[in-house]
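The values are calculated or read from the model by the stated rules, or taken from the named source; none is laboratory data. It should be emphasised that the depicted structure is a prediction, and the values quoted were computed from it without experimental measurement. A quick note on method: Cβ atoms are made from the backbone with ideal geometry, for glycine too, and the neighbour counts reach across all protein chains shown. Side chains included, ligands, DNA and RNA excluded: accessible areas come from the protein's heavy atoms. Shrake-Rupley method; radii C 1.70, N 1.55, O 1.52, S 1.80 Å.
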Amino acid sequence: MPIPSHLSFEEGAAIPEVWLTAFQAIYYLGEFDKRPSNRTALIHAGASGVGTAAIQLIKSFSESNKVFVTVGSDEKIEFCKSLGADFGINYKNDNFAEKTQELTNKTGVDFLMDFIGANYWDKNLQSLGTDGIMTMQGSMGGVNVEKTNIGAILSKRLQIKGSTLRARSPEYKIQLTKDFTNFCYDKFNASKLKPVISKIFPWEEISEAHKFMEANQNMGKVVIKIEE
C-alpha cells in the first residue's frame, strides 16, 4: 500500500500494524463485510492505536453503527468521541457490562473487540447480545479464567474468535493488505480515515517511549523515528 499523498512518513508508519489488526478483526472476523450496518460494537482500549482505528472503521461501514468504547479517563472519552465513538465508558468508575446493557436496552452488543482476556471474560460475555461476536487480540489481563459460567456462550449463540496477525502466512498477509487497501485507501486520501499519532519519539529516546506507554498516557499510536 503506498502512503496516501497528503500523509507524512510518520503518519504512514502509523497505519500498517494497528489498522490491519483492526481491519482483520472487524472485516474478516466481525463479519462487517456481510452485515455492515445497524450494528452495535464495544471496543476495549478505545484510545489505543488499534482502538482509534477500530472506531473509524466501524463508522466507515455505516454511520448507523453504534460504537461504545472503554477507556481509563474522561479525557480519553472525549478524544474517542471526536473520532466517531457514540459513548465512552470510564472503566475506573463504571461497570462496563452494566453500562453496555443500559446503552443497548438490555440487548447487548453485536460485536466486541477485546485485548484484556481473563479479567474481562465474564463481563464480556454479559456485554454481548444474541449471536454476538467477540474477537480477542490480546490477553493483557491474564489467560486463566476461574469459576466462569459458560452458559451464556450457548444460550446467546456467541462466537468467540482468537486472532493473531504476525503468525499468519505471507499469502494471508498479502490478501489482507489488498483487501484493506481496496476498502481504505480512497478513504485515507479523502481524509475520511486518518492515522492517529499520540507522540513521535526519536529512536534514541525509545526507553522514554516505553515509559510513556506504560503510564497509559498515549491516545493513538506511538511512533519511533530514525533519523538519517
Got a sec? Which of Phe115, Phe87, Phe111 is of a type in the set (Phe, Trp, Tyr) and farther than 18 Å from Gly138 by Cβ?
Phe87
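Every residue, every condition in (1) at pLDDT below 95; (2) of a type in the set (A, V, I, L, M), yes or no:
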{"residue": "Gly138", "(1), (2)": "yes, no"}
{"residue": "Gln159", "(1), (2)": "no, no"}
{"residue": "Ser163", "(1), (2)": "yes, no"}
{"residue": "Arg168", "(1), (2)": "yes, no"}
{"residue": "Phe188", "(1), (2)": "no, no"}
{"residue": "Leu193", "(1), (2)": "no, yes"}
{"residue": "Ser207", "(1), (2)": "no, no"}
Within region 27-38, how many residues are surrounded by fewer than 24 Cβ atoms within 10 Å (Cβ to Cβ) and either of a type in the set (Phe, Trp, Tyr) or touching a helix residue (DSSP H, G or I) at 6+ places or on another chain (Cβ under 8 Å) (or both)?
5
Tell me whether region 129-139 contains one or more residues that are part of a helix (DSSP H, G or I), of a type in the set (Val, Ile, Thr), surrounded by 20 or more Cβ atoms within 10 Å (Cβ to Cβ) and in contact with a Lys or Arg (Cβ under 9 Å, 6 or more places away or on another chain).
no
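Please find, among Thr21, Thr70, the residue that is under 17 Å from Ile116 (Cβ atoms) and open to solvent by 20 Å² or more (accessible area, probe 1.4 Å).
Values: Thr70 fails: open to solvent by 20 Å² or more (accessible area, probe 1.4 Å).
After ruling out the rest, the residue left standing is Thr21.
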Pick from region 32-44 the residues that are at pLDDT 95 or above and not polar (S, T, N, Q): which of them is farthest from Phe68 (Cα to Cα)?
Arg39
Within the bounds of region 95-115, is there any residue that is open to solvent by less than 40 Å² (accessible area, probe 1.4 Å) and modelled with pLDDT under 95?
yes
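Okay, residues lined up against (1) on the phi > 0 side of the Ramachandran plot; (2) assigned to a helix (DSSP H, G or I); (3) without any contact (Cβ under 8 Å) to a residue 60 or more places away in the chain:
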| residue | (1), (2), (3) |
| --- | --- |
| Asp179 | no, yes, no |
| Asn182 | no, yes, yes |
| Lys187 | no, yes, no |
| Pro195 | no, no, no |
| Ile206 | no, yes, yes |
| Lys211 | no, yes, yes |
| Gln217 | no, no, yes |
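Can you confirm whether region 33-44 contains a residue that is part of a helix (DSSP H, G or I), of a type outside the set (Phe, Trp, Tyr) and over 19 Å from Met219 (Cα atoms)? Outline the logic, then answer.
Of the residues in region 33-44, the ones part of a helix (DSSP H, G or I) are none.
Looking through region 33-44, none of the residues is part of a helix (DSSP H, G or I), of a type outside the set (Phe, Trp, Tyr) and over 19 Å from Met219 (Cα atoms).
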Restricting region 141-175 to residues that are open to solvent by 50 Å² or more (accessible area, probe 1.4 Å) and among the aliphatic types (A, V, I, L, M), the residue that is nearest to Gly117 (Cα to Cα)
Val143
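Any chance region 143-163 includes a residue that's at positive phi and either in a strand (DSSP E or B) or of a type outside the set (S, T, N, Q) (or both)? Break it down stepwise before answering.
Start the filter on region 143-163 by keeping residues that are at positive phi, which leaves 147, 157.
After this cut, where a residue has to be either in a strand (DSSP E or B) or of a type outside the set (S, T, N, Q) (or both) as well, the list is 147, 157.
Yes, the conditions are met somewhere in region 143-163.
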Among residues of region 181-199, those that are farther than 18 Å from Phe61 by Cβ and open to solvent by 80 Å² or more (accessible area, probe 1.4 Å), counted:
1
